[in-house]
Amino acid sequence: MPLSEQDQWKKAAAEAAAKLVEDGMVIGLGTGSTAAHFVAAVGRRMLEEHLRITAIPTSEQTASQARSVKIPLITFAECGQIDLSVDGADEVEAGTIYLIKGHGGALLREKIVAAASKRMVIVADETKIVERLGSLVSVPVELVRFGWQATARRLEELGGHPSLRLGTDQNPYVTDGGNYIVDCAFGPMSKPKETAHHLDHVVGAVEHGLFLGYARQAIIGGRNGVKKIERAEN
Ligand code: 5RP
């Protein structure tokens, strides 16, 4: 099936990011449709250029794709640090490269991999760029199942208007970690660090989709080709 225009932008960004991969690196593999283009491109480079890399995937879905293109997977028991992780995002705040992630349901493993990476590069299409996080999408928050309603009430008090994510079968969506996700509609955030700080302290919340300070660079595909945007240093 031919790719939509947006998918072509995602693919172009992902293929540009695949050029950053060097022989011998440990790579963090993100989750989602843009990250999937990256995994495919890395698989191709390994085959064509005999690159030897190892990788840590951020979801079972990505692990399965990586195996299918013969990218060797390792665990954190076998490596201390990841050289480069490449992942998608649901929103990218221009200037700070702050992100909302987790609409693909993998935010917990994605944040663990981001935190263990020397360098994190985001791949996305231009529709994801925002002036303020929360302008387009809600903030996913992963909750342990026990007492999730009480945890969701706390998120309501924080102004998150949480709604439990459902799967295609209309049952609660369950993450790779066996948890639930509630999507919190905070609206455009003027102080995302404050919101992240509050979310960091909600008992029962395992992790949230505000990724602040992890990525320094984003590779963005769009109608005028691929652009790299860097975090403005202050
Ligand atoms: C998964 C994510 C994805 O990176 C995010 O949802 C973007 O997905 P896509 O590349 O399909 O637009 O955070 O948890």
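Data for the structure
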{"quantity": "Some residue of region 166-178 being farther than 22 Å from residue 223 by Cα, part of a loop (DSSP other than H, G, I, E, B) and within 11 Å of the ligand (Cβ to nearest atom)", "calculated": "yes"}
{"quantity": "Selected residue [among the aliphatic types (A, V, I, L, M), touching a Phe, Trp or Tyr at 6+ places or on another chain (Cβ under 7 Å), more than 12 Å from the ligand (Cβ to nearest atom) and open to solvent by less than 70 Å² (accessible area, probe 1.4 Å)] from 143, 158", "calculated": "143"}
{"quantity": "Matching residues, region 18-61, being in contact with an Asp or Glu (Cβ under 9 Å, 6 or more places away or on another chain) and of a type in the set (Asp, Glu)", "calculated": "22, 23, 49, 60"}
{"quantity": "Condition check for residue 116: in the same structural domain as residue 36 (by TED's automatic domain parsing) and open to solvent by less than 40 Å² (accessible area, probe 1.4 Å)", "calculated": "yes"}
{"quantity": "Residues satisfying the stated conditions in region 10-33, i.e. within 16 Å of the ligand (Cβ to nearest atom), of a type in the set (A, V, I, L, M, F, W, C), within 26 Å of residue 223 (Cα to Cα) and open to solvent by less than 30 Å² (accessible area, probe 1.4 Å)", "calculated": "13, 14, 16, 17, 18, 29"}
{"quantity": "Every residue from region 56-82 that is more than 16 Å from the ligand (Cβ to nearest atom) and closer than 19 Å to residue 15 by Cβ", "calculated": "68, 69, 70, 71"}
{"quantity": "Test for residue 36: is it under 25 Å from residue 209 (Cα atoms), open to solvent by 10 Å² or more (accessible area, probe 1.4 Å), small (Gly, Ala, Ser) and part of a helix (DSSP H, G or I)", "calculated": "yes"}
{"quantity": "Residue that is nearest to the chain's Cα centre (by Cα) [pool: residues in region 161-170 that are surrounded by fewer than 22 Cβ atoms within 10 Å (Cβ to Cβ) and not hydrophobic (A, V, I, L, M, F, W, C)]", "calculated": "165"}
{"quantity": "Some residue of region 106-117 being assigned to a helix (DSSP H, G or I), in contact (Cβ under 8 Å) with a residue 12 or more places away in the chain and of a type in the set (Ser, Thr, Tyr)", "calculated": "no"}
{"quantity": "Residue check for residue 141: closer than 11 Å to residue 202 by Cβ, touching a residue at least 60 places away in the same chain (Cβ under 8 Å) and among the β-branched types (Val, Ile, Thr)", "calculated": "yes"}
{"quantity": "Every residue from region 89-125 that is in contact with a Lys or Arg (Cβ under 9 Å, 6 or more places away or on another chain), more than 9 Å from the ligand (Cβ to nearest atom) and not charged (D, E, K, R)", "calculated": "92, 95, 96, 97, 98, 114, 120, 121"}
{"quantity": "Members of region 126-136 found to be crowded, with 19+ Cβ neighbours inside 10 Å and within 12 Å of the ligand (Cβ to nearest atom), listed by number", "calculated": "128"}
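The values are calculated or read from the model by the stated rules, or taken from the named source; none is laboratory data. Nothing here was measured: the structure is a model prediction, and the numbers come from that model. Backbone-built Cβ (ideal geometry, glycine too); neighbour counts: all protein chains shown. Accessible surface areas use protein heavy atoms only, side chains included; no ligands, DNA or RNA. Shrake-Rupley method; radii C 1.70, N 1.55, O 1.52, S 1.80 Å.
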